[in-house]
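Data first, discussion second: the structure below is written as structure tokens.
Derivation of every value follows stated rules applied to the coordinates shown; laboratory data play no part. A quick note: this is a predicted structure, and the numbers were derived from the prediction, not measured. For neighbour counting, all protein chains shown are included, and Cβ atoms are generated from backbone atoms with ideal geometry for every residue, glycine included.
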Amino acid sequence: MKKLLNDPANAVADSLAGFALAHADIIQVHHDPAYVTRVGGATTGKVGLVSGGGAGHEPLHTGFVGDGMLDVAVPGAVFTSPTPDQILPALQAADGGAGVLAIVKNYTGDVLNFDLAVELAETEGLDVATVLVNDDVAVEDSTYTAGRRGVAGTLCVEKIAGAAAQQGGDLADVTGVAHRVVDNVRSMGVAVTACTVPHVGAPSFDLPGDQLEIGIGIHGEPGRRRVKAVPADEVTQMLLDPVADDLELSAGERVLLFVNGMGGTPASELYVVYGRARRLLEQRGVTVARSLVGSYVTSLEMQGASVTVLRLDDELAALWDAPVHTAALRW
Amino acid sequence: MKKLLNDPANAVADSLAGFALAHADIIQVHHDPAYVTRVGGATTGKVGLVSGGGAGHEPLHTGFVGDGMLDVAVPGAVFTSPTPDQILPALQAADGGAGVLAIVKNYTGDVLNFDLAVELAETEGLDVATVLVNDDVAVEDSTYTAGRRGVAGTLCVEKIAGAAAQQGGDLADVTGVAHRVVDNVRSMGVAVTACTVPHVGAPSFDLPGDQLEIGIGIHGEPGRRRVKAVPADEVTQMLLDPVADDLELSAGERVLLFVNGMGGTPASELYVVYGRARRLLEQRGVTVARSLVGSYVTSLEMQGASVTVLRLDDELAALWDAPVHTAALRW
Amino acid sequence: MTLDADWAERWIRRTADTVAGRRDELTELDRQIGDGDHGENLVRGFRAVVAKLDARDGQDGATEAAGPRLVGDVLKLTATTLMSTVGGASGPLYGTAFLRAAKVTGRESIDTRAVVAMLESALEGITVRGKATPGEKTMVDAWTPAVDAAAQAASEGGDEAAVLRAAAAAAAAGATATIPLVATKGRASYLGERSAGHEDPGARSTALLLGAAVEALAERSA
Amino acid sequence: MTLDADWAERWIRRTADTVAGRRDELTELDRQIGDGDHGENLVRGFRAVVAKLDARDGQDGATEAAGPRLVGDVLKLTATTLMSTVGGASGPLYGTAFLRAAKVTGRESIDTRAVVAMLESALEGITVRGKATPGEKTMVDAWTPAVDAAAQAASEGGDEAAVLRAAAAAAAAGATATIPLVATKGRASYLGERSAGHEDPGARSTALLLGAAVEALAERSA
Ligand SMILES: Nc1ncnc2c1ncn2[C@@H]1O[C@H](COP(=O)(O)OP(=O)(O)O)[C@@H](O)[C@H]1O
Ligand SMILES: Nc1ncnc2c1ncn2[C@@H]1O[C@H](COP(=O)(O)OP(=O)(O)O)[C@@H](O)[C@H]1O
Ligand SMILES: [Mg+2]
Ligand SMILES: [Mg+2]
Ligand SMILES: [Mg+2]
Ligand SMILES: [Mg+2]
């Protein structure tokens, strides 16, 4: 394993230290326990937004702390959810007196650790709501699984709920908007190569040279099936169709199309996927009204991409358009 | 070779098509010959800025077209400079009557093709100035080489000259500022893995599993030397020291520190490199007054990073801070 | 052969040694059907528990008069430390298991009945948190036969050692028995049918944990 | 065996075939000490020239009365097409070479002296653009001996075929002789000492180009 890292055991801490120095105008890093807050801390009277999860998905979540998005992000070890004693002070740091919304990706580890922390926070009088993000349509039947995973759609929830909070919504409003995003966003991903967790030192799964892994999550876990490598147009259709079908998109609807890189994918390839996904949506009579293309919800250096579609209405579109000023997303 | 591409021969065209759709609010893509202009075209009375070069370095240059940066970008085939018959109309498209500055990375191919196009443009009455970017200190002795290469420092030239043009500088002013950036910017890079050019299908060089290639360019060309993989702190020092030495930085100076990913590097690793580079600069008594961390000047999916330092004065800092609105850089 | 606080402490220290030694094996199991962090998670967690035990033992020396030490105290310290250092699914699950186990072992030493109650409470804590039932290819598939075997051994008049040995053996067998199962809880469930053919990492670590409890019996405190 | 426009056209078409057939070899050479695109660059360029020749021949058929075709016309078309389709360093260099060659071959057919002049002009164009001198490990190291050998053959009274054969053989030898050189121009120069031990891709493609000129002599037009 070759990586631009020092001691793998310090990978997250070293990276956070550099992140803190590079973006001192936007964020502050708290060490021991580790969490990232906006410069200046919680805004009085504003609903606080907290998200977190294993590290290795950067810029998610730390890169999304700032005006118009998250107040606090809590990174765990690589691909390992943070612990309650990190999450509890993070929830407290986000509270400006109007309550806190915790945005949690639906993984057993994340759910259990956030649940514990939220219980503790409530004991201490904090008003906390939780929204579970579960946009990954690769996990088909939740009767036989831990339920759909939260993947790239998380960015949409954080951006839009963040805008709602910034605009002064109360906890119920912001939580309602977040739930509405969750209800209308779906994703599916493909891996071209696996990734290597620093402390493991070996690729997270073995992917023969001519195979693609369809339906991967964002933790280097294997996907639902393997296919022989096919052109990007075909791969994109394998991702877009299940997403659009699950959303039951019909002609005339407007969507946000988000093509996300898994960390090691050249931007040029993401645009190839974007172009095809967009044509497929247009063939369904669906209008792509907003777009995002880039590596935002990643799995270390994994090569691959995911396609996320969010059904838009006027309110969600306006909240998406609202200003945001974070290390990784800014307009 | 597995990539999210269709026919490798159409890689650049397919990607540009998706890019055009995703950023229709900022740019327009002209096909045959291929170049990318700002929506709305040249601004009357403003100096036009054109840059270009081989594709495969995205977001450079196409992602830097927009307000406050480039007017036109000309992408060639992957890692191959564009041809004069692409560059000529690109120069013409950038002209708003105040002349055009061509920003050219110092590679034989880019220089020859741009020279030819500029000659033709001048024949047609266009006022064109050229600035050659050659920030790569890995190429040490220009008596025995084609001269230092242009690498990540190109972003600094495009951003700062772009701001100068946007603020109404005339061609001499804008060219002067661009030269000043070139004189004060230096870079050096490392590859952790090689990259694979789509139409080649094999990695651009053979890098054994435990080796790093120090002093790489951005075209998948091998570097100056190989070292056994060492921790990020040591690698960073191998990049930062030659850069700082070549700039003859002295205590009390202010710089921009730009840590650039080569395309396949996780953001988390870039911040580790950034943290170390910053400490090394601070040990020299140099103040890091501006920062940029991200994959902006890439070599397809190569893993690795480069460190760029730009010596700042008040004017350069203010131009860096000026608003920019492009697909890849925005503030 | 009393199951006192010293035994509990030896148990936890042995577990720390075992997971450190078997780290790569746990990692590899988790890499096959999960995300490859189970070994690292437990090493980090138990290392932290050992650090706390070391610190406490130092303090204890200074305050010998503080009175008898309880089994449950060791388990509670283990619980809260795992909870705050492991993360992932296994952190809250093992954390809750030890927390519940601590509640029924607040004594100077525990007898066979208390051993069975301890294991039952641990399992209960895991299922309350994780909502898994037997057969879903989780650590529950190691804990459930362990509890049954312990109860059986106790009802047959076995001593503490016999009860713990029965539990550990059953946990190991239960872990092996997860191999053919298709996961329906935890990360492995995302693999669907492809999860079959691999042992569940949490079941394996449960077997290691209970094996360490047996080994701690034989050992004498330093 | 006249070196007329038909020969020139056969030369260019043969070159297109040759670079297509040897694409991977050129790519591999450029991958070793450059950026791996030389094969693809030339294939793209000469394919475009062939397309233009095809289109023009179609037109020619329709306008037979248009008068005699000149060698220089074929070379000029080649020049401008390479210039506008190859890119990289080799596009302007080969483009300029053909442009200069076209200037001294604006005739219906060329004799030995004109062949030598053509090669001299081509080399001059390359050095004017690229500013390389012999020994810098570039295509100049194939063109220079080719020009010298052609002049020598002509001065010894050789015919057109002999002159071209001499040039091609010398270019091939010149290409091989670049192997030990350390590059000081072009992309390979960034490698410093490490560029030694590899043949220069542009020198090799020059040898292929001049080899095709010889082959085109033997061939009859269809
Ligand atoms: N709902 C659950 N109930 C019981 N055990 C579970 C559950 N989900 C996961 N596990 C256990 O946790 C183990 C994985 O732990 P670990 O790898 O540390 O966490 P993560 O899955 O978050 O990466 C699995 O092997 C399984 O035994
Ligand atoms: N300054 C120069 N003068 C003459 N030939 C050169 C010069 N620079 C490069 N070349 C030739 O160009 C060849 C490389 O061409 P090509 O790979 O197509 O372009 P690029 O180097 O831009 O990728 C080299 O092998 C060399 O023969
Ligand atoms: Mg995990
Ligand atoms: Mg090239
Ligand atoms: Mg795991
Ligand atoms: Mg080349």
Could you check the simple spin-label distance between D:A55 and C:A162, using points 7 Å along Cα→Cβ, in nm with one decimal? 9.6 nm
Result: in chain C the number of Lys pairs with C-alpha under 21 Å apart, spaced 8 or more or on different chains, is 6
Return the equivalent ellipsoid semi-axes of region D:3-218 as a descending list in whole Å, where each equals the square root of 5 times an eigenvalue of the C-alpha gyration tensor. 28, 20, 14
Taking the alpha-carbon centre of each part, the distance from region A:171-245 to region C:99-124 in Å is 43 Å
Whose amide H sits under 5 Å from the amide H of B:V128, counting only residues 5 or more places off or on another chain, with H placed in the peptide plane? B:V100
For chain A, set up a Gaussian network in which alpha carbons nearer than 10 Å are linked by springs, and say which option among A:L270, A:L88, A:L120 fluctuates the most. A:L120
Taking a label point 7 Å from Cα toward Cβ, how far is C:K103 from its twins in the other copies, in nm, shortest first? 9.5
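Mind putting a number on the dipole of the protein assembly as shown about its Cα centre? Charges go on the C-beta only, +1 for Lys and Arg and -1 for Asp and Glu, and I need it in Debye to the nearest 20. Numbers along the way, then the final one.
Working: 94 positive and 144 negative charges, 103 e Å.
The dipole of the protein assembly as shown has a size of about 500 debye.
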Give me, ordered by chain and number, the residues 5 or more places off C:L3 or on other chains with an amide H under 5 Å from its own placed amide H. C:I110
Scan chain B for the residue whose Cβ is closest to the axis carrying it onto chain A, then write down that distance in whole angstrom. B:G264, 2
Treat the count of other C-beta atoms within 10 Å as a stand-in for reagent exposure and order A:T123, B:T236 from fewest to most. A:T123, B:T236
Label-point separation (nm) for B:H31 and B:D7, each offset 7 Å from Cα along Cα-to-Cβ? 1.2 nm
Based on other C-beta atoms within 10 Å, arrange C:E40, A:E213 from fewest to most. A:E213, C:E40
From the backbone phi of region B:65-73, what are the Karplus-calculated ³J(HN,Hα) couplings (6.51 cos²θ - 1.76 cosθ + 1.60, θ = phi - 60°) in whole Hz, Gly and Pro given as x? 8, x, 4, x, 9, 7, 8, 9, 10
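Computed FRET efficiency, Cβ-Cβ of D:E28 and C:K131, R0 51 Å: what is it to the nearest 0.05?
Working: r = 58 Å, r/R0 = 1.15.
The formula returns an efficiency of 0.30 here.
If R₀ is 51 angstrom, what is the calculated FRET efficiency for the pair D:S155 and B:R225, using the beta carbon separation as r and rounding to 0.05? Display every interim value, and only then the final one.
On the way: r = 48 Å, r/R0 = 0.94.
FRET efficiency, D:S155 to B:R225: 0.60.
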Between B:E253 and residues 5 or more places away or on another chain, the pairs with built amide H atoms under 5 Å apart involve B:T287
Where a Cα-Cα gap under 23 Å defines reach, which lysines qualify for B:K228, not counting those fewer than 8 residues away within the same chain? A:K2, A:K3
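Let me know the charge dipole size of region A:71-154 about its Cα centre in debye, to the nearest 20, where only the beta-carbon of Lys, Arg (+1) and Asp, Glu (-1) is charged.
On the way: 3 positive and 13 negative charges, 51 e Å.
The calculated dipole for region A:71-154 is roughly 240 debye.
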Pick out, from B:A165, B:A55, B:T287, the residue whose Cα sits farthest towards the positive end of the charge dipole of chain B, with +1 on the Cβ of Lys and Arg and -1 on the Cβ of Asp and Glu. B:T287
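Counting only other chains, and only Cβ atoms inside 10 Å, what mean value do you get across the residues of A:18-26? Before the final figure, lay out the partial values.
On the way: counts 16, 8, 2, 11, 12, 3, 1, 1, 0.
Whole-number average of other-chain Cβ neighbours for A:18-26 is 6.
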Which value, in debye to the nearest 20, describes the size of the charge dipole of chain D about its Cα centre when Lys and Arg Cβ atoms bear +1, Asp and Glu Cβ atoms bear -1, and nothing else is charged? 520 debye
With Cα springs under 10 Å, the Gaussian network model of chain C assigns the largest mean-square fluctuation among C:G106, C:G197, C:G125 to C:G197
Cα lying deepest toward the dipole's positive end in region A:13-130, options A:A129, A:T37, A:L21, charges on Cβ: A:L21
Inter-site label distance for B:T123 and B:A202 at 7 Å from Cα along Cβ, in nm: 4.1 nm
Those trypsin sites (Lys or Arg not before Pro) from region C:94-165 that are DSSP loop and have at most 14 other Cβ neighbours within 10 Å turn out to be C:K131
So what are the ³J(HN,Hα) numbers for region D:191-204, from phi and the Karplus equation (6.51, -1.76, 1.60; θ = phi - 60°), rounded to whole Hz, Gly and Pro as x? 7, x, 4, 5, 6, 5, x, 10, 6, 6, x, x, 5, 5
Can you give the Rg and Dmax of chain A based on its C-alpha atoms, in angstrom? 18.7, 55
Per-residue Cβ neighbour rank within 10 angstrom, fewest leading, D:M83, B:M238: B:M238, D:M83
Please give every one of the lysines within straight-line cross-link reach of B:K159, meaning a C-alpha to C-alpha distance under 21 Å, and leave out same-chain neighbours fewer than 8 residues apart. B:K46, B:K105
Within-11-Å neighbourhood charge of C:L42 [Cβ basis; K, R +1; D, E -1]: +2
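If we count every other residue with Cβ under 13 angstrom of C:L26's Cβ, Lys/Arg +1 and Asp/Glu -1, where does the sum land? Spell out each step's value before the answer.
Working: positive: C:R22, C:R23, C:R31, C:R44, C:R204; negative: C:D24, C:E25, C:E28, C:D30, C:D35, C:D37, C:E40, C:E199, C:D200.
Result for the neighbourhood of C:L26: -4.
Could you work out the percent of alpha carbon pairs in the protein assembly as shown separated by over 48 Å, rounded to a whole number?
Details: 217124 of 611065 pairs.
Considering the protein assembly as shown, 36 percent of its Cα-Cα pairs are separated by more than 48 Å.
May I have the convex hull volume per residue, in Å³, for the Cα set of region A:11-184?
Working: hull volume 17.4 nm³, N = 174.
Dividing the Cα hull volume of region A:11-184 by its residue count gives 100 Å³.
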For region A:34-48, Karplus-derived ³J(HN,Hα) couplings (6.51, -1.76, 1.60; θ = phi - 60°; whole Hz; x for glycine and proline) come out as 7, 7, 10, 10, 5, 4, x, x, 5, 9, 4, x, 9, 4, x
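So what's the back-of-envelope 222 nm ellipticity for the protein assembly as shown, counting only DSSP H runs of four-plus at -39500 (n - 2.57) apiece and dividing by all residues, rounded to 500?
Values: 34 runs with 520 residues, N = 1106.
When only DSSP H runs of four or more count, the value is -15500 deg cm²/dmol.
Excluding B:L88 itself, calculate the net charge of residues whose Cβ lies under 11 Å from the Cβ of B:L88, where each Lys or Arg counts +1 and each Asp or Glu counts -1.
On the way: positive: none; negative: B:D85, B:E119, B:E122, B:E124.
The answer is -4.
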